[in-house]
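Let me begin by presenting the structure, written as structure tokens, before commenting on it.
Read-outs throughout are calculated quantities, based only on the coordinates presented, and are distinct from any laboratory measurement. Please read these numbers as outputs of a predicted model, since none were measured by experiment. Using ideal geometry, Cβ is built from the backbone for each residue, glycine included, and neighbour counts are taken over all protein chains shown.
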Amino acid sequence: MRSTLRVIAATILLLAPVSRAAAQGGEVLNNESILSMIAGKVPKDLIVSKIKTTKSAFDLSPDGLIKLNVGKVNSDVMKLMMTTSAAASGTNKETLGNDGIIKMVAGGLSKEIIVAKINMSKPGYDLTTNGLLDLTKNKVSEDVQKAMMASAAGTPPKP
């Protein structure tokens, strides 16, 4: 009797991942998927669950993040998208420079999202005197500039 129960339990455990993958039908989430769910008023909790359980190929470039922001994607959802993509890509990080930072600021992204993007990217910043002057002229906040400096120095950002 016990051995039969063990076989049934083992079978269920082995088939669970197959059932999940089959239920998702090989779907790969992208920015358009998220924007469609937002436009369709899918609750945030369901979108979060979907991101956590489905493969993804998000465009998290400055332009991609700006489009998500314009589409009213919640900052928590955007950060989860970044975390999910960073975990999937491992050490293959996108290089981020001053132009990308300035573009995100001009595009209305929050400081929180910009700093999260800095933390998931390879630093390619111009932090010379002229670089800092340009960042300041383009309304890049002091906190964002400090995060850029910490990233370029290889030190964790301070909260």
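Could you please report the charge total around residue 80, scoring K, R as +1 and D, E as -1 over all other residues with beta-carbon less than 12 angstrom from its beta-carbon?
Value of the local net charge: +2.
Could you give me the radius of gyration and the Dmax of segment 36-159, taking only the C-alpha atoms into account and expressing both in angstrom?
14.9, 46
Given a Förster distance of 22 angstrom, what is the FRET efficiency for residue 46 paired with residue 67, based on the Cβ-Cβ distance and rounded to 0.05? Please report the intermediate quantities before stating the final value.
Values: r = 21 Å, r/R0 = 0.96.
Between residue 46 and residue 67 the formula returns 0.55.
Mean 1/r over all different Cα pairs, inverted: what Kirkwood radius does segment 26-92 give, in Å? Could the numbers behind the result be given before it?
Details: mean 1/r = 0.0841 Å⁻¹.
After inverting the mean inverse Cα-Cα distance, the result is 11.9 Å.
How far is it, in nm, from the label point at residue 74 to the one at residue 138 when both lie 7 Å from their Cα along the line to the Cβ?
3.1
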